[in-house]
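As structure tokens, the structure follows; a few thoughts come after it.
Computed from the coordinates by the stated procedures, all read-outs in this text should not be read as laboratory data. None of the values given here were measured: they were computed from a predicted structure. Positions of Cβ are generated from backbone atoms using ideal geometry, with glycine treated the same way; all protein chains shown enter the neighbour counts.
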Amino acid sequence: MTQLRIQPGIMEIALYEGGKSALAGHSDVLKLSSNENPLGPPPAAQQAIREAAATVHLYPSTDHAELRAAIGEVHGLDPERIICGVGSDEVLQFVTQAFSGPGDEIIHTAHGFSMYPILSHMAGATPVCVPEVDRVVDVDAILAAVTDRTRIVLLTNPGNPTGTILPDAELVRLADGLPEDVILVIDAAYAEYAEGYDGGASLASSRRNILMTRTFSKIYGLGGLRIGWGYADPAMIAVMTRIRQPFNLSGLQMAASIAAVRDLDWVRDCVALNADQRARLTGALRQLGLACDDSQTNFVLARFTDEAEAMSADAALQADGIIVRRPTSYGFAEGLRITVGDEAQTGRVIDTLTRWREGAA
Ligand SMILES: *Cc1c(COP(=O)(O)O)cnc(C)c1O
């Protein structure tokens, strides 16, 4: 029998666990476990996909020029500083693979995105986990963890599953405190939901070691299509482009995301719906005696007294056909992360938890 020679780090990877999507015995399942947009994909993007379907025999553009131009125009950014990927996950993979390897360290924070240790191991690098304070990223703890081996800091801002945000002044302090040869990645998947936040764009515009990542999976309702992008100094973009597969994005992905990014009314409506229902859900959870931070995202992290209570509430939700996320792998055994739905969906969650509370009381 031949022996498989596996690259360092690969067998350290614990497989990613996605949000569940089915419940036995339920036909009207409400999936609030993956922070998907309750309004679905924008109609303009659906139309663009239908139109692009006629030309899928042609290879797509390899430089994504039209998509980068559209993103640049809408966000006021230089298209030469933009790189597009199969979800922001792929952009995160570009940066870890291009800038780290065996012997190097990649810092992430205690409740950071669960893909970070996976991406670090994929590159052969060592993930280093830094604590947070009261579910908020701790800049001093990150800076204290930097060593000669540190190559990258991966930061989710706003956080998932915490929903908290590091204020701009703290982001600047972090950027200022890092050595110039350490890359700071600001994963701003939920930027649109945080008022007055540019996702780190202005920082990434003015410095050479900062990468902002964004996604079409959340506010644009295109998670199933897999499109994301990164924004950084042209020199960093050029390095990452060397390891990007030339046809990583299909014509359908580009057509849909170009239509979506130009649909500013859609974004405005989704942000407004989310803000209303998020405030309603947060208020209701607190009324029920559950702790939760003010969220800057499209989900709320409800904290229970202990794991048993969280499991009891989760069981009640599942009995009513509602799937939320148990963020155990993020270090919150006593929590439930609930995606903010539309008015009816949020009502369903509140009703179930209210009845659960009455039964449990
Ligand atoms: C959802 C999410 C993303 C988006 O990933 P895609 O690959 O773009 O779908 C990125 N980072 C965080 C923290 C997320 O929660």
Highest GNM mean-square fluctuation among G196, G221, G159, for the chain with Cα springs under 10 Å, belongs to G196
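Can you pull out the chymotrypsin sites (Phe, Trp or Tyr not before Pro) in the range 198-269 that DSSP calls coil and that have at most 15 other Cβ atoms within 10 Å?
F247
Arrange the peptides 4-12, 49-57, 197-205 so that the one whose residues have, on average, the most other Cβ atoms within 10 Å appears first.
197-205, 49-57, 4-12
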With Q277 itself left out, Lys, Arg at +1 and Asp, Glu at -1 over residues whose Cβ is under 12 Å from its Cβ give 0
As a percent rounded to 5, the proportion of antiparallel DSSP bridges among beta bridges in the range 180-297 is 50
Whole-Hz Karplus couplings 3J(HN,Hα) for the range 137-153, θ = phi - 60° and coefficients 6.51, -1.76, 1.60, Gly and Pro as x, run 4, 10, 4, 5, 5, 5, 4, 5, 8, 6, 10, 4, 8, 5, 10, 9, 10
Between E307 and A69, the FRET efficiency computed from the C-beta separation at R0 = 45 Å comes out, to the nearest 0.05, as 0.35
Highest GNM mean-square fluctuation among L264, L92, L171, for the chain with Cα springs under 10 Å, belongs to L264
Note to self, the chain gives a 222 nm [θ] from helices alone (DSSP H runs n ≥ 4, -39500 (n - 2.57) apiece, / all residues, nearest 500) of -12000 deg cm²/dmol
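By DSSP, what percent of the beta bridges with both residues in the range 43-262 are antiparallel, rounded to the nearest 5?
Of all bridge pairs located within the range 43-262, approximately 35 percent are antiparallel.
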Here the gain from full extension of R173 to D342, 0.36 nm per residue of separation minus their alpha-carbon distance, amounts to 57.1 nm
Expressed in angstrom and ordered largest first, the alpha-carbon extents of the range 43-262 along the principal axes are 54, 37, 29
